[in-house]
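Asks: Sharing a structure with you now.
FYI, it's all coordinate maths here, none of it is from the lab. Computed from a prediction, not measured in an experiment: that's the story for all the values here. Heads up, the Cβs are rebuilt from the backbone with ideal geometry, glycines too, and the neighbour counts pull from every protein chain shown.
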Amino acid sequence: MRGDGGYVVLPPSHDGLYEWVRDRDGYVDSTAELTKAWVEHLRTLSAPPAASAPLPAAAPKVVAAALAVIPNGADVGWGDWNRVGMATFSATGGSADGFRAFDAWSAKWPRYDAAYTRNRWETYRRSPPKRIGAGTVFHLADEASPGWRDNEKVKEKAGTAIKQSDVLIELARDADLFHTEEGVTFAGVEVDGHAETWPIKSKGFQEWLLHRYFIQEGGAPNREAITSVIAMLEARARFKGPTRQVHLRTAGCNGKIYLDLCDPQWRAVEIDATGWSVVDTPPVRFTRARGMLPLPTPVNGGTVDDLRQFINIKDDDHFILIVACIVAALRDRGPYPILALRGEEGTGKSTLVRIIRSLVDPNKVPLRPLPRDERDLYIAAKNGYLLAFDNVSTLPPWVSDAFCRLASGGGFATRMLYTDQEEVLIDATRAVILNGIEDFVARPDLAERTVFISLTPIANKDRRVEAELKAAFEAKRPAILGALLDAVAHGLRSLPNIQLDTLPRMADFAKWATACEGGDVCAG
């Protein structure tokens, strides 16, 4: 049957409902025109139901409201995730609001990776998706929650997330965003009149941003907003920020050494050939890892000899070696010696390690057991300047090799979690202290980089209560640190003139230790 320009095939009639339309001569026309009355009747029957008030399909708030009801759990595959991303990009024209909405939705995915999400969005920008757009997002939302369009709470929540993101991004404009050569992103921020440097993903930076948000808005943003903004700031730091170097505890700049005091004011000690002083704003950027503790503010008037009364080292040569290892660790560059302390129970090995670390790199966990694998060792090196391992009995070959690389400078690469191709690169040179009862250093390469110190048992008459020893040492620690810094300054002054007749395996350490002699370090 033909009607209104089209043809319709109908089933045969068995009860007289259909009637043939004949011409004036009684013949049936195979393409008879449908009467106007029938056309109007059929239009009435086939008309769609009245639609609800139209929504702006490409409005970011509406797209965000749709994404808010689309599931994104463990059963969502990469293809489904990517499909939503392409549709969101097309629906919002690749706008910043569109990315924030997609990133907030992606943050619910167990396989979420902020950097990868941003990179994928930029891929859509380079090659815009075709034949996919807002309709796909709305269709998925309709399947998940048919009444989502009329749910004012959902739309209000999506709009609130976008508004909170806008506020957070505006507040973050005061942060100095940059990245390291390894691609790690950082933010330099001002807190109470001093500068701080934090990884953008760190708790420290997020607390700074949330504090500013609370002061302005009187509340806290939701998780989706903060996750989206952190991802965007990371991308901005990586692709638009400058490349800078970030240091842990020590740094070198223009022939000077800087030692991070790790105090709340973010001060540092500046050491040059003329001496040392505490500066409020060092020209280098320090970062701080979890567990790092502050050094005392150093003072003048102390001597390195003041250290003797707190450690079980009676031999003068051994004391000189201990001090040489400390001033080596206070330098901004390696190679660093590995200090191996051996002695039976009751010789004060652990106490000596704690005291050395408190003068160089104090930490909440000053002594640790050996790591389980090389990855754990290099993560420890990334988050700690001086590494100390307690009660060592044997060193597996891989540990010996790794310590050699750490002492002389070496790197480690491991696969980034939840990815197949991306690597995390860790490059570090660190001073290491080991203590144990047995002779645990067996491999020649490690032995050539090691300073061996043997401790003798402490006589009962010479033992001290730990609390008393700690209190006495804390009273002397600022002056002892000042004396050690005097030795470092003397080393900077004397190093250009040092010439050794023969150079041992750790030649740089030998020259530095020799240069520091006379700077309140006993000659030997």
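Asks: Extending each Cα 7 Å along its Cβ direction at GLU207 and THR394, get the distance between those two points in nm, one decimal.
Replies: Those two pseudo-labels are separated by 4.3 nm.
Asks: Could you please rank LEU481, LEU248, placing first whichever residue has the fewest other Cβ atoms within 10 Å of its Cβ? Working shown, then result.
Replies: Numbers: LEU481 25, LEU248 20.
Neighbour counts put them in this order, fewest first: LEU248, LEU481.
Asks: Additional query: Evaluated at 37 °C with a viscosity of 0.692 mPa s, what Stokes-Einstein diffusion coefficient in µm²/s does segment 304-516 have when Rh comes from the Kirkwood expression over alpha-carbon pairs? Don't jump to the answer; show the numbers that get you there.
Replies: Numbers: Rh = 18.2 Å.
It diffuses with D of about 180 µm²/s by this estimate.
Asks: In addition: Could you calculate the FRET efficiency of PHE452 with GLU374 from 1/(1 + (r/R0)^6), where r is the beta carbon distance between them and R0 is 22 Å, rounded to 0.05? Numbers along the way, then the final one.
Replies: On the way: r = 24 Å, r/R0 = 1.10.
Plugging the Cβ-Cβ distance into 1/(1 + (r/R0)^6) gives 0.35.
Asks: Work out how much length ARG131 to LEU367 would gain on full extension: take 0.36 nm times their residue separation and subtract the Cα-Cα distance, in nm to one decimal. Could the numbers behind the result be given before it?
Replies: Numbers: separation 236, 0.36 × 236 = 84.96 nm, distance 6.03 nm.
That pair, ARG131 and LEU367, stretches by 78.9 nm at full extension.
Asks: Net charge near PRO337: determine it from the other residues with C-beta under 14 Å of the C-beta of PRO337, scoring Lys and Arg +1 and Asp and Glu -1. List each step's numbers first, then the result.
Replies: Numbers: positive: ARG331, ARG333, ARG430, ARG449, ARG505, LYS511; negative: ASP445, GLU448, ASP508.
With Lys, Arg at +1 and Asp, Glu at -1, the net is +3.
Asks: Can you work out D for segment 58-244 in µm² s⁻¹ from Stokes-Einstein, where Rh is the Kirkwood radius over C-alpha pairs, the temperature is 37 °C and the viscosity is 0.692 mPa s?
Replies: On the way: Rh = 17.1 Å.
Rounded, D is 192 µm²/s.
Asks: Which pairs in the list LYS470/LYS511; LYS256/LYS382; LYS130/LYS201 are over 28 Å apart, alpha-carbon to alpha-carbon? Write down the numbers at each step before the final one.
Replies: On the way: LYS470/LYS511 33 Å; LYS256/LYS382 23 Å; LYS130/LYS201 34 Å.
Result: LYS470/LYS511; LYS130/LYS201 exceed 28 Å.
Asks: Going by how many other Cβ atoms sit within 10 Å of their own, how do TYR116, TYR336 line up, fewest first? Could you put the intermediate results ahead of the total?
Replies: Working: TYR116 16, TYR336 24.
Ordered by Cβ neighbours within 10 Å, fewest first: TYR116, TYR336.
Asks: Still on this model: Expressed in nm to one decimal, what extension gain is obtained for the pair GLU217 and ARG308 from 0.36 nm per residue of sequence separation less their Cα-Cα distance? Walk me through the numbers on the way to the answer.
Replies: Numbers: separation 91, 0.36 × 91 = 32.76 nm, distance 5.62 nm.
Full extension of this stretch gives 27.1 nm more.
Asks: If packing is taken as the mean number of other Cβ atoms within 10 Å per residue, what is the order of 460-473, 177-190, 80-93, highest first? All intermediate terms of the calculation are to be shown ahead of the outcome.
Replies: Details: 460-473: 11.2, 177-190: 18.4, 80-93: 21.1.
Highest-to-lowest ranking by the protection proxy: 80-93, 177-190, 460-473.
Asks: Follow-up question, since we're still on this one. So how much slack lies between PHE239 and ASP401, counting 0.36 nm per residue of separation and subtracting their Cα-Cα distance, in nm? List each step's numbers first, then the result.
Replies: Numbers: separation 162, 0.36 × 162 = 58.32 nm, distance 3.64 nm.
Full-extension gain reported as 54.7 nm.
Asks: Moving on to the next point. When a/c is below 1.5 the answer is rounded, else prolate if a/b is larger than b/c, else oblate, so apply that to segment 296-366 with a ≥ b ≥ c taken from the square roots of the Cα gyration tensor eigenvalues.
Replies: Note, shape of segment 296-366 comes out rounded.
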